[in-house]
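To keep things clear, I will list the structure first and then write my remarks on it.
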Amino acid sequence: MILLDRITKSYDKKTKPAISRISLHVEPREFVILVGASGAGKSTLLKMLTREEKPDSGKIIVGGIDYDDLRDKQIPYLRQKLGVAFQDFKLLPTRTVFENVAFALEIVGMPNREIRNTVPKVIELVGLKGKEKNFPGELSGGERQRVAIARAVARQPKILMADEPTANLDPKTSWEIIRLLEKINSYGTTVLLATHSAEIVNKLKRRVILLEHGKITSDQAEGGYKQ
């Protein structure tokens, strides 16, 4: 599903690489947690998977797509296989919950009839039934994150990447978001969760990959994490 082979990425030749010769394999349907301090390389790794950034060297293959052969016009097709939820939500403030989720389907050309059929199901999946007409400014932080996740999974991606999705949420709401990610994973979606929360990592008992200074220093099937 995801294969990284000796990936290196530098932003500045004068500083150490953000990612240094990382190799990683993630199977379909896995739930994998990426942990590490701020600046360890988690976000850079996710950006390379979405092709927002290109590695300086190494190979990336996702869902059978070799990034070496990827042309710019094929990137939208790649991103249909990927769902991404960010810690700052990136919602459209002038669109309702329904419209924010629908937008993800509009940009890939889904017919309106299909959109009207799909969006309510996704909104119900993330626990926001009844909030369809609300605007982001009328929602709590946890509800906004649910909208972001709904938008990310609306196209039924094979992989969902969540970059610090609980960073700005209280503990109770954070766990609601984590349980939602587990639910999505149980339906067959591969989940990559980037976090620095030791509590979440230690309670989930999932595969844990520790990044330190751009390198993988630990990869455990049911790992723990100390900050």
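General remarks:
- Being under 21 Å from Y187 (Cα atoms) and buried (at least 18 other Cβ atoms within 10 Å of the Cβ) is not true of V97.
- For the range 108-160, residues that are under 17 Å from K183 (Cα atoms) and among the β-branched types (V, I, T) total 7.
- Selection count where residues are within 25 Å of V191 (Cα to Cα) and either of a type outside the set (A, V, I, L, M) or without any contact (Cβ under 8 Å) to a residue 12 or more places away in the chain (or both), scope the range 137-165: 15
- Scanning the range 184-202 for residues that are of a type in the set (S, T, Y) and either surrounded by 21 or more Cβ atoms within 10 Å (Cβ to Cβ) or modelled with pLDDT of 90 or more (or both) returns S186, Y187, T189, T190, T195.
- Number of the condition not met by T94 [criteria: (1) touching a residue at least 24 places away in the same chain (Cβ under 8 Å); (2) within 20 Å of the chain's Cα centre (by Cα); (3) over 19 Å from S43 (Cα atoms)]: (2)
- Verdict on L128 being of a type in the set (A, V, I, L, M) and within 19 Å of the chain's Cα centre (by Cα): no
- Residue match in the range 48-55 (condition: among the polar types (S, T, N, Q) and assigned to a loop (DSSP other than H, G, I, E, B)): yes
- T44 surrounded by fewer than 20 Cβ atoms within 10 Å (Cβ to Cβ), more than 22 Å from N202 (Cβ to Cβ) and under 14 Å from the mean Cα position of the chain (by Cα): no
- Considering the range 14-38, the residues that are in contact (Cβ under 8 Å) with a residue 40 or more places away in the chain and farther than 30 Å from Q156 by Cβ include one that is farthest from the chain's Cα centre (by Cα), namely K16.
- Candidate set: the range 156-179, residues that are farther than 16 Å from V32 by Cβ and touching a Gly at 6+ places or on another chain (Cβ under 7 Å); chosen: the one surrounded by the fewest Cβ atoms within 10 Å (Cβ to Cβ): N168
- Of the residues examined, D56 is not one that is touching a residue at least 40 places away in the same chain (Cβ under 8 Å), in contact with a Leu (Cβ under 9 Å, 6 or more places away or on another chain) and within 22 Å of H213 (Cβ to Cβ).
- Residues that are within 20 Å of S186 (Cβ to Cβ) and either charged (D, E, K, R) or in a helix (DSSP H, G or I) (or both) do occur in the range 67-88, at least one of them.
- Residue among R206, R151 that is charged (D, E, K, R) and either surrounded by fewer than 19 Cβ atoms within 10 Å (Cβ to Cβ) or not assigned by TED's automatic domain parsing to the domain that holds K9 (or both): R151
The values are calculated or read from the model by the stated rules, or taken from the named source; none is laboratory data. As the structure is a computational prediction, the values presented were derived from the model and not from experiment. Positions of Cβ are backbone-derived with ideal geometry, glycine not excepted, and every protein chain shown enters the neighbour counts.
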